[in-house]
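Below: the structure, in C-alpha coordinates.
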Amino acid sequence: MPSIEGPVTGGKGTPTIAATTFDLAAVGYRQEEYFLSGTATAFTATGALATDGVWSVAPGASARYETRVVIWRPNDPARFNGTVVVEWLNVSGGADAAPDWIFLHKHAIREGMAWVGVSAQQVGVVGGTTILRTPSTRGLTTLDPERYGSLVHPGDSFSYDIFTQAGLALRQPADAAGAGGSSGAPAVRPLGELAIERLIAIGESQSAFRLTTYINAVDPIARVYDGYLVHARGGAGAALAEEPQTAIAAPLPTFFRADLRVPVLCVEAETDLVMLGYLPARQADGERFRLWEMAGTAHADVYTIRVGAIDDGRRSPAELAAAWAPTAAAVPGMSFAKPINSGPQHWVLNAALHHLERWLEDGTPPPVAPRLETVAGPPPSFALDEHGNARGGIRTPHLDVPTATLSGLGQEGAGFARLFGTTAPFDAAKLAALYPSKSAYLEAFARATRAAVSAGFILEADAADIEAIAAAAYPGS
(Lines give C-alpha, C1' and ligand atoms only; values in the text may rest on other atoms or scores of the structure.)
Protein backbone atom coordinates (compact mmCIF):
# COMPACT_ATOMS: atom_id res chain seq x y z
CA MET A 1 0.00 0.00 0.00
CA PRO A 2 1.37 3.41 -0.93
CA SER A 3 1.05 6.55 1.14
CA ILE A 4 -1.48 8.99 -0.29
CA GLU A 5 -1.31 12.79 -0.21
CA GLY A 6 -3.85 15.25 -1.55
CA PRO A 7 -5.80 16.71 -3.12
CA VAL A 8 -2.67 18.40 -4.46
CA THR A 9 -2.62 22.15 -5.11
CA GLY A 10 0.00 24.74 -5.95
CA GLY A 11 2.33 25.33 -8.84
CA LYS A 12 0.47 26.29 -12.00
CA GLY A 13 -2.81 25.48 -10.28
CA THR A 14 -3.95 22.51 -12.32
CA PRO A 15 -2.68 19.01 -13.16
CA THR A 16 -0.28 18.83 -16.10
CA ILE A 17 -1.66 16.34 -18.63
CA ALA A 18 -2.51 16.29 -22.35
CA ALA A 19 -6.21 15.47 -22.52
CA THR A 20 -9.55 17.16 -23.22
CA THR A 21 -9.66 20.95 -22.92
CA PHE A 22 -13.30 21.68 -22.05
CA ASP A 23 -14.43 22.61 -18.55
CA LEU A 24 -15.23 19.44 -16.63
CA ALA A 25 -17.49 21.37 -14.27
CA ALA A 26 -19.75 22.17 -17.22
CA VAL A 27 -20.51 18.45 -17.59
CA GLY A 28 -20.94 17.80 -13.87
CA TYR A 29 -17.45 16.45 -13.19
CA ARG A 30 -14.64 17.45 -10.85
CA GLN A 31 -10.87 17.20 -11.12
CA GLU A 32 -8.45 16.24 -8.35
CA GLU A 33 -4.86 15.09 -8.15
CA TYR A 34 -3.11 12.94 -5.52
CA PHE A 35 0.47 11.91 -4.87
CA LEU A 36 1.27 8.26 -4.19
CA SER A 37 4.57 7.23 -2.62
CA GLY A 38 6.16 4.12 -1.24
CA THR A 39 8.43 1.27 -2.26
CA ALA A 40 7.97 -0.36 -5.65
CA THR A 41 9.28 -3.75 -6.75
CA ALA A 42 10.75 -4.75 -10.10
CA PHE A 43 10.29 -8.30 -11.40
CA THR A 44 12.56 -11.04 -12.62
CA ALA A 45 11.49 -13.97 -14.77
CA THR A 46 11.67 -17.42 -13.20
CA GLY A 47 11.78 -18.95 -16.68
CA ALA A 48 11.94 -17.88 -20.30
CA LEU A 49 9.21 -15.51 -21.48
CA ALA A 50 7.50 -17.73 -24.06
CA THR A 51 5.31 -16.42 -26.86
CA ASP A 52 2.22 -17.99 -25.25
CA GLY A 53 2.28 -15.33 -22.50
CA VAL A 54 2.19 -17.86 -19.66
CA TRP A 55 4.94 -16.16 -17.70
CA SER A 56 6.10 -16.69 -14.14
CA VAL A 57 7.86 -13.88 -12.31
CA ALA A 58 9.33 -13.18 -8.88
CA PRO A 59 10.07 -9.96 -7.00
CA GLY A 60 13.41 -8.37 -7.81
CA ALA A 61 14.94 -5.06 -6.80
CA SER A 62 12.98 -2.50 -4.79
CA ALA A 63 13.17 1.29 -4.83
CA ARG A 64 11.39 4.34 -3.49
CA TYR A 65 8.98 6.20 -5.75
CA GLU A 66 6.59 9.12 -5.60
CA THR A 67 4.16 9.68 -8.44
CA ARG A 68 0.72 11.16 -9.07
CA VAL A 69 -2.75 10.16 -10.16
CA VAL A 70 -5.29 12.47 -11.79
CA ILE A 71 -8.97 11.81 -11.05
CA TRP A 72 -12.06 12.98 -12.92
CA ARG A 73 -15.33 11.91 -11.34
CA PRO A 74 -18.97 12.97 -11.08
CA ASN A 75 -19.67 15.83 -8.70
CA ASP A 76 -22.83 14.07 -7.59
CA PRO A 77 -22.01 10.66 -6.08
CA ALA A 78 -25.48 9.50 -7.08
CA ARG A 79 -24.39 9.75 -10.74
CA PHE A 80 -21.50 7.31 -10.25
CA ASN A 81 -22.26 3.97 -11.89
CA GLY A 82 -19.67 1.93 -9.98
CA THR A 83 -17.04 1.75 -12.75
CA VAL A 84 -13.57 3.26 -12.37
CA VAL A 85 -11.50 3.37 -15.55
CA VAL A 86 -7.78 3.46 -14.73
CA GLU A 87 -5.63 4.63 -17.64
CA TRP A 88 -1.92 3.90 -17.88
CA LEU A 89 -0.91 7.35 -19.11
CA ASN A 90 0.89 7.39 -22.45
CA VAL A 91 4.38 8.89 -22.62
CA SER A 92 5.25 8.26 -26.28
CA GLY A 93 5.48 12.01 -26.87
CA GLY A 94 7.76 12.55 -23.88
CA ALA A 95 5.07 13.73 -21.43
CA ASP A 96 1.91 12.36 -19.82
CA ALA A 97 -1.08 12.11 -22.16
CA ALA A 98 -4.50 10.48 -21.82
CA PRO A 99 -5.44 9.30 -25.34
CA ASP A 100 -8.07 6.82 -24.16
CA TRP A 101 -9.79 9.49 -22.08
CA ILE A 102 -9.89 11.59 -25.26
CA PHE A 103 -11.47 8.70 -27.17
CA LEU A 104 -13.84 7.51 -24.43
CA HIS A 105 -14.69 10.53 -22.27
CA LYS A 106 -18.07 11.26 -23.81
CA HIS A 107 -19.34 7.76 -23.08
CA ALA A 108 -17.72 7.69 -19.63
CA ILE A 109 -19.36 10.99 -18.64
CA ARG A 110 -22.72 9.94 -20.06
CA GLU A 111 -22.63 6.74 -17.99
CA GLY A 112 -21.26 8.35 -14.80
CA MET A 113 -17.92 6.53 -14.68
CA ALA A 114 -14.88 7.80 -12.78
CA TRP A 115 -11.55 8.06 -14.59
CA VAL A 116 -8.08 7.84 -13.06
CA GLY A 117 -4.86 8.58 -14.94
CA VAL A 118 -1.70 6.99 -13.49
CA SER A 119 1.78 8.38 -14.12
CA ALA A 120 3.41 4.96 -14.08
CA GLN A 121 6.49 5.61 -16.20
CA GLN A 122 9.72 7.48 -15.68
CA VAL A 123 9.45 9.72 -18.74
CA GLY A 124 6.15 11.17 -17.59
CA VAL A 125 7.37 11.87 -14.07
CA VAL A 126 11.00 13.02 -14.31
CA GLY A 127 11.85 12.75 -18.02
CA GLY A 128 14.01 10.16 -19.72
CA THR A 129 14.05 8.16 -22.94
CA THR A 130 10.89 7.80 -25.05
CA ILE A 131 9.71 4.76 -26.98
CA LEU A 132 11.53 6.24 -30.03
CA ARG A 133 14.76 6.23 -27.99
CA THR A 134 14.89 10.01 -27.93
CA PRO A 135 15.53 11.98 -24.72
CA SER A 136 12.74 14.03 -23.16
CA THR A 137 12.95 16.65 -20.43
CA ARG A 138 9.18 17.19 -20.34
CA GLY A 139 8.48 15.22 -17.18
CA LEU A 140 6.23 16.64 -14.49
CA THR A 141 9.18 17.76 -12.33
CA THR A 142 10.36 19.99 -15.19
CA LEU A 143 6.99 21.19 -16.49
CA ASP A 144 5.81 22.35 -13.05
CA PRO A 145 8.66 22.03 -10.52
CA GLU A 146 6.79 23.92 -7.80
CA ARG A 147 3.93 21.44 -7.85
CA TYR A 148 5.81 18.24 -8.69
CA GLY A 149 9.31 18.83 -7.31
CA SER A 150 8.99 16.02 -4.75
CA LEU A 151 8.22 13.30 -7.31
CA VAL A 152 10.73 10.47 -7.79
CA HIS A 153 10.75 7.59 -10.29
CA PRO A 154 13.33 4.77 -10.19
CA GLY A 155 12.77 3.53 -13.77
CA ASP A 156 10.28 1.60 -15.87
CA SER A 157 11.21 -1.78 -14.39
CA PHE A 158 9.16 -0.57 -11.41
CA SER A 159 6.22 0.74 -13.47
CA TYR A 160 4.19 -2.47 -13.20
CA ASP A 161 4.20 -2.44 -9.40
CA ILE A 162 3.48 1.30 -9.36
CA PHE A 163 0.40 0.60 -11.49
CA THR A 164 -0.63 -2.15 -9.08
CA GLN A 165 -0.21 0.14 -6.09
CA ALA A 166 -2.31 2.83 -7.78
CA GLY A 167 -5.14 0.31 -8.07
CA LEU A 168 -4.73 -0.71 -4.45
CA ALA A 169 -4.83 2.94 -3.38
CA LEU A 170 -8.19 3.34 -5.12
CA ARG A 171 -9.64 0.17 -3.61
CA GLN A 172 -8.14 0.36 -0.13
CA PRO A 173 -6.94 3.91 0.49
CA ALA A 174 -4.41 4.51 3.23
CA ASP A 175 -3.76 7.75 5.10
CA ALA A 176 -1.03 10.24 4.31
CA ALA A 177 1.37 8.60 6.81
CA GLY A 178 1.12 5.15 5.25
CA ALA A 179 -0.97 2.00 5.38
CA GLY A 180 -2.82 1.27 8.56
CA GLY A 181 -3.41 4.86 9.62
CA SER A 182 -0.28 5.05 11.78
CA SER A 183 -0.44 8.85 12.05
CA GLY A 184 -3.97 8.84 13.38
CA ALA A 185 -4.92 11.26 10.60
CA PRO A 186 -8.15 10.74 8.66
CA ALA A 187 -7.80 8.39 5.69
CA VAL A 188 -7.13 10.09 2.34
CA ARG A 189 -9.66 8.63 -0.04
CA PRO A 190 -8.91 9.58 -3.66
CA LEU A 191 -12.43 8.62 -4.78
CA GLY A 192 -14.16 9.95 -1.71
CA GLU A 193 -17.08 7.78 -0.68
CA LEU A 194 -17.73 6.37 -4.14
CA ALA A 195 -18.50 2.65 -3.91
CA ILE A 196 -16.28 0.94 -6.49
CA GLU A 197 -17.86 -2.07 -8.20
CA ARG A 198 -15.46 -2.46 -11.15
CA LEU A 199 -11.85 -1.36 -11.69
CA ILE A 200 -11.03 -1.45 -15.42
CA ALA A 201 -7.44 -0.90 -16.59
CA ILE A 202 -6.98 0.65 -20.02
CA GLY A 203 -4.05 1.84 -22.10
CA GLU A 204 -3.39 2.90 -25.68
CA SER A 205 -0.31 2.33 -27.87
CA GLN A 206 2.87 2.08 -25.77
CA SER A 207 0.66 1.84 -22.68
CA ALA A 208 -1.08 -1.12 -24.34
CA PHE A 209 2.33 -2.79 -24.81
CA ARG A 210 2.93 -2.41 -21.08
CA LEU A 211 -0.55 -3.67 -20.18
CA THR A 212 0.12 -6.75 -22.33
CA THR A 213 3.15 -7.56 -20.20
CA TYR A 214 1.27 -6.64 -17.01
CA ILE A 215 -1.58 -9.02 -17.87
CA ASN A 216 0.74 -11.93 -18.66
CA ALA A 217 3.25 -11.46 -15.84
CA VAL A 218 1.83 -9.39 -13.00
CA ASP A 219 -1.95 -9.72 -12.99
CA PRO A 220 -1.90 -13.38 -11.84
CA ILE A 221 -0.16 -12.32 -8.62
CA ALA A 222 -1.38 -8.72 -8.17
CA ARG A 223 -5.11 -9.47 -8.72
CA VAL A 224 -6.13 -5.81 -8.51
CA TYR A 225 -8.01 -5.03 -11.73
CA ASP A 226 -11.32 -6.60 -12.74
CA GLY A 227 -10.82 -6.33 -16.50
CA TYR A 228 -8.65 -4.81 -19.22
CA LEU A 229 -9.26 -2.77 -22.37
CA VAL A 230 -6.02 -3.05 -24.35
CA HIS A 231 -6.12 -0.53 -27.19
CA ALA A 232 -3.69 -0.43 -30.13
CA ARG A 233 -0.93 -2.81 -29.04
CA GLY A 234 1.79 -4.13 -31.32
CA GLY A 235 3.15 -7.60 -31.85
CA ALA A 236 5.16 -7.84 -28.62
CA GLY A 237 4.65 -6.76 -25.06
CA ALA A 238 6.90 -4.23 -23.34
CA ALA A 239 10.08 -5.33 -21.59
CA LEU A 240 9.49 -6.89 -18.19
CA ALA A 241 12.67 -5.22 -16.91
CA GLU A 242 15.06 -2.61 -18.28
CA GLU A 243 18.49 -1.25 -17.46
CA PRO A 244 19.94 -0.67 -14.90
CA GLN A 245 18.15 -3.87 -13.85
CA THR A 246 18.92 -6.93 -15.97
CA ALA A 247 16.92 -6.33 -19.15
CA ILE A 248 14.19 -8.87 -19.93
CA ALA A 249 12.55 -8.35 -23.33
CA ALA A 250 9.14 -9.69 -24.33
CA PRO A 251 9.11 -12.12 -27.28
CA LEU A 252 7.72 -11.41 -30.75
CA PRO A 253 4.96 -12.34 -31.06
CA THR A 254 3.51 -12.03 -27.57
CA PHE A 255 0.10 -13.64 -27.17
CA PHE A 256 -2.18 -13.07 -24.21
CA ARG A 257 -2.02 -16.07 -21.90
CA ALA A 258 -4.81 -18.59 -22.41
CA ASP A 259 -5.53 -18.85 -18.67
CA LEU A 260 -6.52 -15.21 -18.22
CA ARG A 261 -7.76 -14.46 -14.72
CA VAL A 262 -10.21 -11.73 -15.80
CA PRO A 263 -11.72 -10.53 -19.10
CA VAL A 264 -9.47 -8.84 -21.67
CA LEU A 265 -10.82 -6.97 -24.71
CA CYS A 266 -8.15 -6.01 -27.27
CA VAL A 267 -9.12 -3.37 -29.85
CA GLU A 268 -6.94 -2.79 -32.91
CA ALA A 269 -6.92 -0.30 -35.79
CA GLU A 270 -5.61 -1.07 -39.27
CA THR A 271 -2.33 0.69 -38.44
CA ASP A 272 -1.78 -1.51 -35.40
CA LEU A 273 -2.06 -4.76 -37.32
CA VAL A 274 0.40 -3.85 -40.08
CA MET A 275 2.68 -1.01 -39.00
CA LEU A 276 2.89 -1.97 -35.32
CA GLY A 277 3.13 -5.66 -36.19
CA TYR A 278 0.12 -7.06 -34.33
CA LEU A 279 -0.76 -9.50 -37.15
CA PRO A 280 1.59 -12.27 -35.91
CA ALA A 281 0.10 -11.92 -32.40
CA ARG A 282 -3.50 -12.41 -33.51
CA GLN A 283 -5.23 -15.11 -31.49
CA ALA A 284 -8.62 -16.74 -31.34
CA ASP A 285 -11.29 -15.47 -28.98
CA GLY A 286 -11.58 -17.41 -25.75
CA GLU A 287 -13.55 -17.63 -22.54
CA ARG A 288 -11.98 -14.40 -21.23
CA PHE A 289 -10.58 -12.88 -24.42
CA ARG A 290 -12.04 -10.91 -27.32
CA LEU A 291 -10.25 -9.26 -30.24
CA TRP A 292 -11.88 -6.43 -32.18
CA GLU A 293 -10.32 -5.17 -35.43
CA MET A 294 -11.81 -1.92 -36.77
CA ALA A 295 -12.01 -1.29 -40.51
CA GLY A 296 -11.17 2.20 -41.75
CA THR A 297 -9.33 3.30 -38.62
CA ALA A 298 -5.84 4.52 -37.79
CA HIS A 299 -3.71 4.38 -34.66
CA ALA A 300 -4.41 8.11 -34.21
CA ASP A 301 -6.82 10.29 -36.15
CA VAL A 302 -8.71 13.56 -36.46
CA TYR A 303 -10.69 12.80 -33.30
CA THR A 304 -7.45 12.32 -31.37
CA ILE A 305 -5.98 15.69 -32.26
CA ARG A 306 -8.88 18.00 -33.04
CA VAL A 307 -12.38 16.79 -32.21
CA GLY A 308 -12.02 14.87 -28.95
CA ALA A 309 -10.55 17.75 -26.97
CA ILE A 310 -13.67 19.90 -27.49
CA ASP A 311 -16.38 17.20 -27.70
CA ASP A 312 -18.20 17.89 -24.44
CA GLY A 313 -21.63 16.69 -25.56
CA ARG A 314 -22.92 20.23 -26.11
CA ARG A 315 -21.47 20.98 -29.57
CA SER A 316 -23.82 21.09 -32.54
CA PRO A 317 -23.50 18.51 -35.33
CA ALA A 318 -22.35 21.31 -37.65
CA GLU A 319 -19.53 22.28 -35.27
CA LEU A 320 -18.40 18.69 -34.92
CA ALA A 321 -18.61 18.05 -38.66
CA ALA A 322 -16.44 21.12 -39.29
CA ALA A 323 -13.88 19.94 -36.74
CA TRP A 324 -13.95 16.46 -38.25
CA ALA A 325 -13.31 17.64 -41.82
CA PRO A 326 -10.32 15.87 -43.41
CA THR A 327 -7.17 17.84 -42.68
CA ALA A 328 -3.43 17.71 -43.29
CA ALA A 329 -2.87 20.44 -40.70
CA ALA A 330 0.24 19.95 -38.63
CA VAL A 331 0.27 18.48 -35.16
CA PRO A 332 3.00 20.15 -33.06
CA GLY A 333 6.25 18.56 -34.18
CA MET A 334 4.66 16.77 -37.17
CA SER A 335 3.36 17.54 -40.63
CA PHE A 336 1.37 15.39 -43.03
CA ALA A 337 1.50 14.97 -46.77
CA LYS A 338 -2.13 13.80 -46.92
CA PRO A 339 -5.33 14.40 -44.95
CA ILE A 340 -5.21 12.19 -41.86
CA ASN A 341 -7.72 9.48 -41.00
CA SER A 342 -11.19 10.69 -39.99
CA GLY A 343 -12.64 7.24 -39.29
CA PRO A 344 -15.17 6.15 -36.65
CA GLN A 345 -12.78 4.70 -34.07
CA HIS A 346 -14.03 6.44 -30.93
CA TRP A 347 -17.62 5.27 -31.42
CA VAL A 348 -16.46 1.64 -31.67
CA LEU A 349 -14.33 2.14 -28.55
CA ASN A 350 -17.43 3.39 -26.72
CA ALA A 351 -19.11 0.09 -27.56
CA ALA A 352 -16.01 -1.83 -26.46
CA LEU A 353 -16.01 -0.21 -23.01
CA HIS A 354 -19.77 -0.75 -22.70
CA HIS A 355 -19.46 -4.46 -23.48
CA LEU A 356 -16.46 -4.93 -21.21
CA GLU A 357 -18.39 -3.32 -18.37
CA ARG A 358 -21.35 -5.64 -19.03
CA TRP A 359 -18.99 -8.63 -19.18
CA LEU A 360 -17.86 -7.78 -15.67
CA GLU A 361 -21.38 -7.08 -14.42
CA ASP A 362 -23.26 -10.18 -15.53
CA GLY A 363 -20.86 -12.37 -17.50
CA THR A 364 -22.20 -11.48 -20.96
CA PRO A 365 -19.15 -11.33 -23.28
CA PRO A 366 -18.77 -8.80 -26.09
CA PRO A 367 -19.94 -9.86 -29.55
CA VAL A 368 -17.43 -11.81 -31.62
CA ALA A 369 -15.99 -9.54 -34.31
CA PRO A 370 -14.93 -10.61 -37.80
CA ARG A 371 -11.23 -10.20 -38.57
CA LEU A 372 -9.98 -7.78 -41.18
CA GLU A 373 -9.20 -9.55 -44.44
CA THR A 374 -5.46 -9.51 -45.11
CA VAL A 375 -3.06 -10.30 -47.93
CA ALA A 376 0.07 -12.08 -46.73
CA GLY A 377 2.60 -10.13 -48.81
CA PRO A 378 5.35 -9.42 -48.01
CA PRO A 379 4.67 -6.84 -46.85
CA PRO A 380 1.27 -7.72 -45.39
CA SER A 381 -1.66 -5.56 -46.47
CA PHE A 382 -5.45 -5.50 -46.44
CA ALA A 383 -7.88 -6.85 -48.99
CA LEU A 384 -9.71 -3.79 -50.36
CA ASP A 385 -13.19 -3.22 -51.77
CA GLU A 386 -14.03 -1.24 -54.87
CA HIS A 387 -13.70 2.02 -52.90
CA GLY A 388 -10.25 1.22 -51.55
CA ASN A 389 -11.57 0.47 -48.06
CA ALA A 390 -10.58 -2.62 -46.09
CA ARG A 391 -12.77 -5.69 -46.23
CA GLY A 392 -13.91 -7.51 -43.11
CA GLY A 393 -13.40 -6.31 -39.56
CA ILE A 394 -15.91 -4.32 -37.57
CA ARG A 395 -18.20 -2.52 -40.01
CA THR A 396 -19.60 0.95 -39.47
CA PRO A 397 -21.77 3.14 -41.72
CA HIS A 398 -18.66 5.15 -42.60
CA LEU A 399 -17.29 2.04 -44.34
CA ASP A 400 -20.48 0.51 -45.72
CA VAL A 401 -21.93 3.81 -46.99
CA PRO A 402 -18.66 5.63 -47.69
CA THR A 403 -17.89 9.16 -48.82
CA ALA A 404 -14.12 8.61 -48.65
CA THR A 405 -11.42 6.00 -48.60
CA LEU A 406 -10.45 5.62 -44.94
CA SER A 407 -7.18 3.89 -44.21
CA GLY A 408 -4.83 3.29 -41.32
CA LEU A 409 -1.97 3.25 -43.81
CA GLY A 410 -0.52 5.43 -46.55
CA GLN A 411 0.54 8.48 -44.55
CA GLU A 412 4.03 9.77 -45.22
CA GLY A 413 6.40 11.48 -42.82
CA ALA A 414 8.84 10.80 -40.04
CA GLY A 415 8.33 9.66 -36.47
CA PHE A 416 4.73 9.32 -35.38
CA ALA A 417 3.23 10.94 -38.49
CA ARG A 418 2.68 7.63 -40.29
CA LEU A 419 0.44 6.42 -37.44
CA PHE A 420 -2.31 8.88 -38.40
CA GLY A 421 -3.47 7.10 -41.56
CA THR A 422 -5.24 8.80 -44.44
CA THR A 423 -8.59 10.07 -45.70
CA ALA A 424 -9.19 10.41 -49.45
CA PRO A 425 -12.62 12.07 -50.01
CA PHE A 426 -14.58 10.96 -53.06
CA ASP A 427 -14.98 13.55 -55.79
CA ALA A 428 -18.37 14.97 -56.78
CA ALA A 429 -18.78 12.60 -59.72
CA LYS A 430 -18.24 9.50 -57.63
CA LEU A 431 -20.59 10.75 -54.91
CA ALA A 432 -23.29 11.45 -57.48
CA ALA A 433 -22.86 7.97 -58.97
CA LEU A 434 -23.16 6.33 -55.56
CA TYR A 435 -25.95 8.47 -54.12
CA PRO A 436 -28.45 10.19 -56.40
CA SER A 437 -29.36 12.62 -53.61
CA LYS A 438 -28.40 13.57 -50.10
CA SER A 439 -31.58 11.96 -48.82
CA ALA A 440 -30.65 8.70 -50.57
CA TYR A 441 -27.25 8.82 -48.87
CA LEU A 442 -28.76 9.51 -45.45
CA GLU A 443 -31.30 6.72 -45.81
CA ALA A 444 -28.56 4.23 -46.67
CA PHE A 445 -26.37 5.60 -43.88
CA ALA A 446 -29.20 5.22 -41.35
CA ARG A 447 -29.75 1.58 -42.39
CA ALA A 448 -26.04 0.85 -41.98
CA THR A 449 -26.04 2.55 -38.58
CA ARG A 450 -28.92 0.36 -37.43
CA ALA A 451 -27.02 -2.71 -38.64
CA ALA A 452 -23.93 -1.69 -36.65
CA VAL A 453 -26.08 -1.09 -33.55
CA SER A 454 -27.73 -4.50 -33.97
CA ALA A 455 -24.30 -6.12 -34.31
CA GLY A 456 -23.21 -4.47 -31.05
CA PHE A 457 -20.34 -2.41 -32.46
CA ILE A 458 -22.10 0.97 -32.22
CA LEU A 459 -24.13 2.01 -29.19
CA GLU A 460 -27.76 3.03 -29.49
CA ALA A 461 -26.87 6.11 -27.43
CA ASP A 462 -24.43 7.23 -30.16
CA ALA A 463 -26.57 6.49 -33.22
CA ALA A 464 -28.40 9.83 -33.38
CA ASP A 465 -25.13 11.81 -33.11
CA ILE A 466 -23.49 9.67 -35.78
CA GLU A 467 -26.34 10.28 -38.21
CA ALA A 468 -26.60 14.00 -37.41
CA ILE A 469 -22.87 14.56 -37.96
CA ALA A 470 -23.02 12.60 -41.21
CA ALA A 471 -25.87 14.81 -42.41
CA ALA A 472 -23.94 17.96 -41.55
CA ALA A 473 -20.74 16.68 -43.14
CA TYR A 474 -22.11 15.27 -46.40
CA PRO A 475 -20.37 17.12 -49.23
CA GLY A 476 -23.01 16.46 -51.88
CA SER A 477 -26.44 17.96 -52.42
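Quick look at the values:
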| item | result |
| --- | --- |
| Residue selected from the range 240-289 under the condition among the β-branched types (Val, Ile, Thr) and not in a loop (DSSP other than H, G, I, E, B), by the criterion nearest to the chain's Cα centre (by Cα) | Val267 |
| Residue match in the range 455-468 (condition: of a type in the set (Gly, Ala, Ser) and under 19 Å from Asp385 (Cα atoms)) | no |
| Meets criteria (modelled with pLDDT of 50 or more and surrounded by 13 or more Cβ atoms within 10 Å (Cβ to Cβ)) for Glu193 | no |
| Close pairs (6 angstrom Cβ cut-off, 6 or more residues apart or separate chains): farther than 17 Å from His398 by Cβ and in the same structural domain as Phe457 (by TED's automatic domain parsing) in the range 292-310, surrounded by fewer than 22 Cβ atoms within 10 Å (Cβ to Cβ) and among the hydroxyl-bearing types (Ser, Thr, Tyr) anywhere | Ala309/Thr20; Ala309/Thr21 |
| Residue in the range 434-451 that is under 20 Å from Asp301 (Cα atoms) and more than 22 Å from the chain's Cα centre (by Cα) present | no |
| Number of the condition not met by Ala424 [criteria: (1) of a type outside the set (S, T, N, Q); (2) in contact with a strand residue (DSSP E or B) (Cβ under 9 Å, 6 or more places away or on another chain); (3) surrounded by 17 or more Cβ atoms within 10 Å (Cβ to Cβ)] | (3) |
| Unique residue being surrounded by 24 or more Cβ atoms within 10 Å (Cβ to Cβ) and either of a type in the set (Val, Ile, Thr) or outside the structural domain of Asn389 (by TED's automatic domain parsing) (or both) when the list is Gly286, Gly277, Gly237 | Gly237 |
| Enumeration of residues in the range 74-112 that are part of a loop (DSSP other than H, G, I, E, B) and within 15 Å of Glu357 (Cβ to Cβ) | Phe80, Asn81, Gly82, Gly112 |
| Which listed residue is among the hydrophobic types (A, V, I, L, M, F, W, C), out of contact with any helix residue (DSSP H, G or I) (no Cβ under 7 Å at 6 or more places or on another chain) and either closer than 17 Å to Tyr228 by Cβ or surrounded by fewer than 24 Cβ atoms within 10 Å (Cβ to Cβ) (or both), from Ala58, Ala63, Ala120 | Ala58 |
| Residues satisfying the stated conditions in the range 339-390, i.e. part of a loop (DSSP other than H, G, I, E, B), of a type in the set (A, V, I, L, M) and crowded, with 16+ Cβ neighbours inside 10 Å | Ile340, Ala369 |
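The values are calculated or read from the model by the stated rules, or taken from the named source; none is laboratory data. Since we're looking at a predicted model, the values are computed, not measured. Here the Cβ is made from the backbone with ideal geometry for all residues, glycine too, and neighbour counts use every protein chain on show.
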